[in-house]
Each structure stands twice: as C-alpha cells, then as structure tokens.
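One structure is given below, encoded as structure tokens.
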Amino acid sequence: MLVAGAGMSGLVCAARARQLGLRPTVLEKGTRPGGSMLLSSCVVWRHREWEDFRAECPGGDQDLQRPVWERLDDALGWLESLGAEPVWRETGNPRTVGKRFDPKALTALLADDVRLGTELPADAEPPLVLATGGFGKRLAAEQGLLLRANPWSDGAGLDFARARGAALTAGLDQFYGRALPAPPARVREEDFVRLSQLYGRWARVYAPTGREITPPSVSWSENDLAQAIGPSAWYVLDDQGLAHEERGRSVAEMIEAARAAGGAVVDPAELPFRTAPGARVAVHVAAGVTHTIGGLRVDTRACVLDEQGEAIDGVHAAGVDVGGIATGGYASGLAQALVLGLVAAESVAD
C-alpha cells in the first residue's frame, strides 16, 4: 500500500493502516513530514450544528460532509488514544467544537518510516492513497496570490488521478486562506499564523485603485474576504475598528506584527486616494492560499471516481486532494484530513 503525502491525512492514513495489519509506504516529495499541518495553529474542528455546516458550505456534497461531521469526535479520540495531547480541548468559538494540538508534537507522533524527497511514480500500482495536499501552490501562482502553505502541494495527486480518468468537483478556483501583509513584507513559514491579519470585518477595504470593495458582510472566518481581496488591497481602520480583539490578540497587535515584518502600515492620508472620515491606519494586505477547496471526486469510502461515477480500482484520496466538502464556504481542512485519512485506510483494508 502506497500513501502519497506526509501531511496530516497521509500520516493518519498510514497510522490507521498499520493498526489494521497493512504495511503502508509513505512517500513525501518534500524535505520534511507534516505538510501544511506543521505550519498551522492545528485546531481540528467541526461546526457545532449540522445545519450551520450546510449553511456555510452550501455547495458541498452532503454525502461527504456528513461523515466528516459525524466521525470527527471519535477521530479526535483516536488521535488521543495514540498519545496526542490536546493543547486546548475547546476551540473558543461558540459555533464550533474541536481540539487544538501542538503541530510539531503531532507530526512527531504520526510520522513513521516516511520516505522524504520521494515523488509518487507515474506507474505506481494500487492500492494507493493520494494525500498530497491539493494544489495550493499551483492556484496561488495562477491567481498571483501568496502561498500560506508548504511549497510541495502543487497538484501532483490530482494529476496522477486525472491521468487515470478521475473526475473533479466544482470549486476548483476556491481556497481557504488568510489576509497576510503584502510584499515586500517578509512572511516566513513559521510566521503564517502570527502574521495573519484577522480584522477585515472591522475594516473598510479598498482596491489599489482606490475603489472601495468593502463587502456588505464578512463571515466569522473571513475566508470570503481573503478570496475577495486577491493579490493586493488596503485594510483601513478607524478607532472603533482598532479597539477589537480576535483570538486573544488586539487589532493593534496584529497590525504592529505586519509592520515589524516589513509590511506597509501607513497613515491613510498618505494613500493616493481618499478614504472614509475618521480613518486612523491603513495596512497593505494580500491573500495567502492555505489549501484548495475543489479537488478529486470521491465516494464515501474515499474511492476516487471517474466521470461516470465509478470507482477507479485501488485509487483512494484523502485530505484536500478531495474536493466537494467545503465548496462555497469554509470548514476545517484538518478535520477533513483526519476523517478521510481514517476512511481511506479502512477502505483499503476492506
């Protein structure tokens, strides 16, 4: 059994496969295991209510959404049974339930016998599980966006499956991402979480031309706003906006972090266009892609499907190589990785 990718979904799949008596070989084209999980805050969550999941991801496939939502709590218990110790046992968000882990500790726990610097051979034989992390690098390049993820998730898993007749889902232009300080700010991998500019819903938003593009409303996750701002925008805040806090950090602290990283933080009067009265500070931001939302079409056993809806023999997918779950919105990519990693291993074992 081959597992392509050593991010969360691949590592989980391999660990579960070993429990089931299989002997997985994990191939990772990058220089380390952990994928983008290692760069994240590592909160693994689901919506508290099923109806909220459906409302916030209306384009997703209910048949795939349902097992992620229903199995996550048990899947988190499985992680703990392996020795994973949560840092937080609550998300701090009343809309969601889940747990936070230390990403380095979780990677160290799950990474076993990973072959680094090894790509999936084009002639690889099944059974295999594609867990390569989607195509965030490719999408960021196509849309001129920053990459807020590992540099190896370039669509290799999708290309492998497509060469065998796999079908794709809707939402191939959608992504989960965050607003980051725009270049020339220096945003290192270890700063992806710290430098996220999570105050857009309290800002007026302007395109580089000066056209105001503030949405009528912004979701709690601000993922919709990250997709709207594209490669360049200005967040402009007044005193009221600066007074807010998000996840224990004040807006002012997030802005100062952007300034310290070399980002453009200026007096709105210095901008080449007029802003709203009372504006106190302007921050140049750009969207950073964490992972893609569209991907391979699979069934509820994580089997990759062809254009006729038939399973491609022996080819499975997990994590964000799979599309059709968060389409039209935002849900936890790590929850998708954890649950589908387990499902794929169990499907291969069966």
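Yes/no matrix, rows are residues, columns are (1) at pLDDT below 95; (2) of a type in the set (A, V, I, L, M):
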| position | (1), (2) |
| --- | --- |
| D112 | yes, no |
| L145 | no, yes |
| P151 | no, no |
| D173 | no, no |
| A179 | no, yes |
| Q197 | no, no |
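Within region 80-126, the only residue that satisfies the criterion of being of a type in the set (A, V, I, L, M) and under 28 Å from A55 (Cβ atoms) is V97. For residues in region 14-28 being out of contact with any helix residue (DSSP H, G or I) (no Cβ under 7 Å at 6 or more places or on another chain) and of a type in the set (D, E, K, R), which is farthest from F192 (Cα to Cα)? Top of the filtered list is R23. Residues that are open to solvent by 40 Å² or more (accessible area, probe 1.4 Å) and either touching a Ser or Thr at 6+ places or on another chain (Cβ under 6 Å) or not in a loop (DSSP other than H, G, I, E, B) (or both) within region 204-249 comprise R204, P208, E212, D224, Q227, A228, D239, Q240, L242, E245, R249, listed in sequence order. Scanning region 85-97 for residues that are in contact (Cβ under 8 Å) with a residue 40 or more places away in the chain and more than 21 Å from E245 (Cβ to Cβ) yields one hit, V97. Beta carbons closer than 8 Å, at least 6 apart along the sequence or on distinct chains, pair a first residue in region 113-124 that is touching a residue at least 12 places away in the same chain (Cβ under 8 Å) with a second that is charged (D, E, K, R) and open to solvent by 60 Å² or more (accessible area, probe 1.4 Å) for G117/K29; T118/K29; E119/K29; L120/K29. Kindly provide the set of residues from region 51-84 that are touching a His at 6+ places or on another chain (Cβ under 8 Å) and without any contact (Cβ under 8 Å) to a residue 40 or more places away in the chain, ordered by number. Once the filter is applied, which keeps residues that are touching a His at 6+ places or on another chain (Cβ under 8 Å) and without any contact (Cβ under 8 Å) to a residue 40 or more places away in the chain, region 51-84 yields only W69. If the condition is being within 12 Å of G5 (Cα to Cα) and either open to solvent by 50 Å² or more (accessible area, probe 1.4 Å) or not in a helix (DSSP H, G or I) (or both), then region 152-171 contributes W152, S153, D154, G155.
Results for (1) surrounded by 14 or more Cβ atoms within 10 Å (Cβ to Cβ); (2) of a type in the set (G, A, S), shown as yes or no for each residue.
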position: S36; (1), (2): yes, yes
position: R46; (1), (2): yes, no
position: G77; (1), (2): no, yes
position: G98; (1), (2): yes, yes
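Name the residues in region 152-180 that are in contact (Cβ under 8 Å) with a residue 40 or more places away in the chain and under 18 Å from V26 (Cα atoms), would you? The answer is W152, S153, A156, G157, L158, F160, A161.
Screening T31 against (1) over 14 Å from Y330 (Cα atoms); (2) assigned to a strand (DSSP E or B); (3) of a type outside the set (D, E, K, R) leaves a single unmet condition, (2). If the condition is being in contact with an Asp or Glu (Cβ under 8 Å, 6 or more places away or on another chain), of a type in the set (G, A, S) and either more than 19 Å from G155 (Cα to Cα) or open to solvent by 10 Å² or more (accessible area, probe 1.4 Å) (or both), then region 10-34 contributes A14, A15.
The values are calculated or read from the model by the stated rules, or taken from the named source; none is laboratory data. Being a predicted model, the structure only gives us computed values, none of them experimental. Backbone-built Cβ (ideal geometry, glycine too); neighbour counts: all protein chains shown. SASA here: full protein model, heavy atoms, side chains in, ligands and nucleic acids out. Shrake-Rupley method; radii C 1.70, N 1.55, O 1.52, S 1.80 Å.
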